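**Q** Below is a structure I'd like to ask you about.
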Amino acid sequence: MCPELQFDPSYVLIGGQWQAVAQHVTLTNPSDGSELTKIARAGEAEVDAAVQAAQSALDGAWGEFTAVERGRVLTRLGQLVLEHVDLLTELEALDVGKPITQARADAVALARYCEFYGGAADKVHGQSIPYLDGYTVYTMREPHGVTGHIVPWNYPMQIIGRSVGAALAMGNACVLKPAEDACLTALMFAYLAQKAGLPDGALNVVPGLGAEAGAALAGHPGVNHLSFTGSVETGAAVQQAAGRNVVPVTLELGGKSPQIVFDDADLDAALPFLVNAGLQNAGQTCSASSRILVHRSRLDEVCQQMAEAYRGKRIGIASSDPDIGPLINARQRDKVLGFLAQAGELPILAESTPDNDLPDGYYVPARLYGPVAPDHDLAQKEIFGPVQVIIPFDTEEEAVRIANGTDYGLVAGIWTRDGARQMRLAKKLKSGQVFINNYGAGGGVELPFGGIGKSGHGREKGFEALYGFSVLKTVAAYHG
Ligand code: NAD
């Protein structure tokens with residue numbers, strides 16, 4: 001059952017108008033498999049209309065907004081998001097199966113993104129450049145124009161906040177394609193943006209299937225910048241489409257992020273980060289810490305304490321606010337179960353199983369494996385489920401080699417009291433973010449975020465995102 005909404009969730013939002021479409025996709029509640037509601041199945045025609053509406057907004061009212069005015073709209077939007085945190089939380093729990101506490105954290109983060117980018121909108125400055133005699137040279141930052149935002153189902157609110165928030169702050173007009181499994185908070189966000197006074201067409205939402213609406217947006221010649229978060233395969237396809245139109249693209253594609261526990265680590269401090277960074281959102285987190293590298297001298301201790309923590313985790317329906325909810329859909333559940341089957345004889349240190357009386361949702365057990373060889377599939381591939389592996393090491397060099405030994409490089413965590421080692425590893429780890437004596441899976445509105453290798457390229461979040469969502473222009477004036 002979908003809560004009372006003041007807009008029709010089966011509509012698209014184009015040019016400020018909520019519009020019906022001919023075809024629909026059924027949304028399912030992952031907690032019990034029941035039908036939730038229908039959303040639009042936008043196609044090429046709707047995407048084309050949305051891109052045109054975005055361009056019209058740039059040519060019209062939105063294009064005339066000053067940086068201060070853009071900041072004010074975003075700040076008002078952040079306030080409205082805060083006032084609707086309960087509803088956004090409920091929608092996300094129903095739509096994505098996210099436990100209430102975790103869904104609420106996402107809704108609050110969405111407000112924080114609006115506040116952050118609202119406050120930053122008028123603080124992006126150009127530079128003046130000393131040049132030849134008789135010249136004045138300066139740079140300025142301008143919007144790309146129409147930006148396309150293709151968003152996955154795992155953290156819709158956070159990903160929309162970081163990409164649409166930064167894009168609007170810089171004066172772009174957005175076309176948002178939420179994931180077909182998770183559209184409700186995207187639509188609610190757009191509804192609130194209208195209430196906040198965002199001009200028509202500055203934000204358009206076209207829910208639909210990836211191969212239809214997503215591909216149409218990625219390949220549309222009227223789009224000037226693409227931001228994509230999701231799988232490596234789809235990211236590569238989006239980059240190819242962007243390449244054909246020669247437009248920049250930001251890709252955030254997931255990872256196999258390590259936390260490294262050295263012999264001198266403060267294990268009491270580390271333990272909650274080691275476990276929760278793997279189990280948050282049932283492990284469906286691009287920056288999930290799915291590999292725990294442990295110095296052999298602390299191996300027994302870490303295995304025993306993490307196993308105990310696993311046994312205390314409860315799996316349940318999202319509305320009961322368990323530690324771990326269901327996975328997003330049957331496909332994802334089957335994919336994770338496939339990895340568990342493939343683990344074969346790998347030693348299971350602990351398992352947390354779904355309650356017996358759970359309805360027919362997409363649940364999987366949470367499993368901790370160890371010791372696991374660094375080249376095992378479970379230690380190399382992104383599982384996107386509540387599964388972690390413990391990998392022992394003997395030397396710092398070996399730890400670095402193992403940590404850097406996957407195709408990915410998104411986030412890494414180091415647990416050690418040795419300051420010199422902290423600095424050495426921060427340099428040596430191939431990763432977009434390195435956390436020392438903490439771990440921030442997805443956290444930190446203010447912190448630039450993005451990967452290297454197959455984790456993608458470009459940076460979102462923080463002030464850095466504002467550079468990605470704008471173009472630098474150099475002006476050289478000769479005045480003698
Ligand atoms: P996906 O990459 O296929 O989908 C992400 C977004 O891209 C969705 O909005 C989807 O509709 C859209 N899309 C799909 N095909 C497209 C195309 N051809 N052109 C343009 N857009 C397209 O991810 P998924 O199917 O939802 O999940 C598959 C796997 O991706 C998961 O098992 C997981 O490993 C990974 N994943 C990673 C992240 C992340 O944050 N890194 C998020 C979600 C999924």
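**Q** Out of all the residues in the stretch 136-175, which are within 16 Å of the ligand (Cβ to nearest atom), hydrophobic (A, V, I, L, M, F, W, C) and either surrounded by fewer than 24 Cβ atoms within 10 Å (Cβ to Cβ) or under 14 Å from the mean Cα position of the chain (by Cα) (or both)?
**A** Passing the criteria: I150, V151, W153, M157, I159, I160, V164.
**Q** Also, I was wondering about something else. Yes or no: L472 in contact (Cβ under 8 Å) with a residue 12 or more places away in the chain, surrounded by fewer than 16 Cβ atoms within 10 Å (Cβ to Cβ) and either in the same structural domain as Y155 (by TED's automatic domain parsing) or outside any helix (DSSP H, G or I) (or both)?
**A** It is true that L472 is in contact (Cβ under 8 Å) with a residue 12 or more places away in the chain, surrounded by fewer than 16 Cβ atoms within 10 Å (Cβ to Cβ) and either in the same structural domain as Y155 (by TED's automatic domain parsing) or outside any helix (DSSP H, G or I) (or both).
**Q** Also: Give the residues of the stretch 6-24 that are surrounded by fewer than 19 Cβ atoms within 10 Å (Cβ to Cβ) and under 28 Å from R333 (Cβ atoms), sorted by residue number.
**A** Scanning the stretch 6-24 gives Q23, H24.
**Q** What number of residues in the stretch 292-308 are surrounded by fewer than 22 Cβ atoms within 10 Å (Cβ to Cβ), in contact (Cβ under 8 Å) with a residue 60 or more places away in the chain and not aliphatic (A, V, I, L, M)?
**A** So the count comes out to 2.
**Q** If you go through the stretch 309-355 one residue at a time, how many are of a type in the set (D, E) and buried (at least 19 other Cβ atoms within 10 Å of the Cβ)?
**A** Number satisfying all stated conditions: 1.
**Q** Then there's this: Going by the conditions given, is A269 surrounded by fewer than 16 Cβ atoms within 10 Å (Cβ to Cβ) and over 30 Å from T416 (Cβ atoms)?
**A** No.
**Q** Only residues in the stretch 229-252 that are more than 24 Å from E464 (Cα to Cα) and modelled with pLDDT of 95 or more count as the first member; pair them with residues that are buried (at least 20 other Cβ atoms within 10 Å of the Cβ) and not β-branched (V, I, T), Cβ under 6 angstrom, at least 6 apart or cross-chain, and list the lot.
**A** Within 6 Å, the pairs are A241/A218.
**Q** Out of the strands (runs of 3 or more DSSP E) lying entirely within the stretch 204-292, which hold 2 or more residues that are in contact with a helix residue (DSSP H, G or I) (Cβ under 8 Å, 6 or more places away or on another chain) and within 16 Å of the ligand (Cβ to nearest atom)?
**A** 225-229, 249-252
**Q** On to the next question. From L349, L358, L368, grab the single residue that is closer than 28 Å to P99 by Cα and under 25 Å from the mean Cα position of the chain (by Cα).
**A** Result: L368 is the single residue among L349, L358, L368 that is closer than 28 Å to P99 by Cα and under 25 Å from the mean Cα position of the chain (by Cα).
The values are calculated or read from the model by the stated rules, or taken from the named source; none is laboratory data. Predicted model, so just to flag it, every value in this text is computed and none were measured. Here the Cβ is made from the backbone with ideal geometry for all residues, glycine too, and neighbour counts use every protein chain on show.
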